[in-house]
1. Quick one: grab the alpha carbon gyration tensor of the range A:5-93, order the square roots of its eigenvalues as a ≥ b ≥ c, and give me rounded if a/c is under 1.5, else prolate or oblate depending on whether a/b is larger than b/c.
2. Which value results when the Cα radius of gyration for chain A is divided by 2.2 N^0.38 Å?
3. Could you pull out every residue, at least 5 positions away or on a different chain, whose amide H is within less than 5 Å of the one on residue A:89? Hs are placed 1.01 Å off N in the peptide plane, and Pro or chain starts have none.
4. At a probe radius of 1.4 Å, figure out the A/B buried accessible area, summed over both chains, and give it in Å² to the nearest 100.
5. Would you compute, for the Cα atoms of the range B:105-244, the largest minus smallest coordinate along each principal axis and list the three values in descending order, in whole Å?
6. The range A:80-100 to the range B:188-256: how many Å between their Cα centroids?
7. Nearest 20 debye, what's the magnitude of the dipole of the range A:68-162 about its Cα centre given +1 on Lys and Arg Cβ and -1 on Asp and Glu Cβ?
8. Ignoring ligands, DNA and RNA, what percent of the accessible area of chain A is carbon or sulfur (1.4 Å)?
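The values are calculated or read from the model by the stated rules, or taken from the named source; none is laboratory data. Since we're looking at a predicted model, the values are computed, not measured. Every residue, glycine among them, receives a Cβ derived from its backbone with ideal geometry; neighbour counts consider all protein chains shown. Quick note on the areas: whole protein, heavy atoms, side chains included, nothing else; ligands and nucleic acids left out. Shrake-Rupley method; radii C 1.70, N 1.55, O 1.52, S 1.80 Å.
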Amino acid sequence: MTVPLPTLTTLAPEPGDVVRCPPRRRAVQTLCTLAVAVLLGLGAVVGDDHWYPVGPFRMFSTATPPDGYVSAMSLEVRVGNAGWARTALSPRNVGVNRAEVEGRVPEITTDPTLLRDLAEAHARMHPADAPWTGVRVIRNRTMITDSQPTGTVETEVVSTWTAP
Amino acid sequence: MSRFVDWLHAPVSPLRVLVLRRLIYLFVIVDVLWWHTSGEYHGWVDGRWYQPLVIGELLPLPTPDVTIVQSVKWSSVAAALLALSGRAPRMLGWTVAALWFEYQVIAFSYGKVDHDRWAMLVALVLLPTVGAVNRRDPRLSERAGWAIRCVQLAVIATYFYAGWAKLRFGGTEWVNSATLTRAVVRRGTDLAQPLLDAQWILHVSQWGIMGLELSSPLIFLLNARWRRWAIAGLLGFHVVTYSMITIIFLPHVVCLAAFLPLERLVRGQKDHVRDPSPDVSVPSPRTARTLLGRQRARSRPAREPAAVVGHQPVDPGGQPRDGRHEHQPAERSPEPTAGH
């Protein structure tokens, strides 16, 4: 004897009811999650920044010795024959930011014409400004003892480009 | 494994996805136009400064110039605006994801990579998988649950792996180093300068940060109430960090909202959408009684085909037949119900 089934579809869903995923979809989604987790884990354990988006989350991850210095680069430029003047080392000003310049110090030291690119980028972005005839990168070392600044800041010119 | 799969798919209201999608599309517009604009300026600098990421070489992506950067920028904004309309959520959502991701690749291909964007990328890719959301449908959804859970996991992974990176690159001595001093010297606000004379606060903060980051996965063990307090604490942490060294992890902060019952923000849903945490996975007994009919439920023979709520076989009392709060789809569903 056939037992009549209750009619279900005419009733409105209510809070607390659950719409399920088909098993195959659950399996695929779980595998995708695990695969991405493995990639992210690999990036964290052996990867580096150029693995983005699965590289390590390494902002401020290095340890600065409590006795030593904190280094930060700055930029100075000259217009015509005027003296050197500090300018912002920022994307809005020269197309790249401070950390990007700091990461290229060895190349900038070897090839100062990389600084000419910054002058040209500035000229393109700020055509109303007088062109820069010189660009130099300064390393500022804030000396610290027992993690506290001593008040001494040492500066050093890392690389200079001058327009011919 | 089965419990893990269930946990990964713990149902939530699709309305949470609806609200979170709008939040992230609004954020994309703010991010591209005002917040994270270094990529835009990279187009102006000579291509010699371009250092392609692995993904930039694999695809391969072109060296950015002003035309490419501006195209990606304004396409991202246009796609996000269209996605905000709620139309074609998958197509437009994945378009936003692809364009925003390319914009990040442009920004990060010059030697500096930010680490606050993983959860946003996961959200942009996965929230569209939920598809269209019916605002009048009060049911919970495993599909929405998986997308939300993945965003939550991405948020917590960001904390945990940030702690891991400190151990990997800084070693165990990171907590006793002068790293926060360095942060304040390099980018400290006026508010942070006095901390240089109270070094012990920075020292203790480093221990606190490491502890917070490595213990962050424990948030999944908290009940809904304490989880919200934890989220409030994390928000406070980011606000303080921003006030001190102008680092706030804004896209990450937006994704913290995945832990909150955003569905309550939807008009008209406040009264009948309940917070599914702790994970809810059974139909309400009232619903089951309504569906089956009280009289029929009492008299139904023991071996008759199961009635189904969603894909869930229920007994006359509205509980799963196996007595657990875990479900398998009915193999003999009398008719299609509650599918997408």
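1. Details: a/c = 4.20, a/b = 2.59, b/c = 1.62.
Prolate, since a/c reaches 1.5 and a/b exceeds b/c.
2. Dividing the Cα Rg of chain A by 2.2 N^0.38 Å gives 1.89.
3. Under 5 Å from the amide H of residue A:89 lie the amide H atoms of A:75, each far enough along the sequence or on another chain.
4. Details: alone 12350 and 19330 Å², together 23320 Å².
That pair hides around 8400 Å² of surface in total.
5. Result for the range B:105-244: principal-axis Cα extents of 57, 40, 30 Å.
6. When both Cα centres are located, 32 Å separates them.
7. Details: 10 positive and 11 negative charges, 45 e Å.
Roughly 220 debye for the range A:68-162.
8. Details: 4790 of 8040 Å².
C and S atoms contribute 60 percent here.
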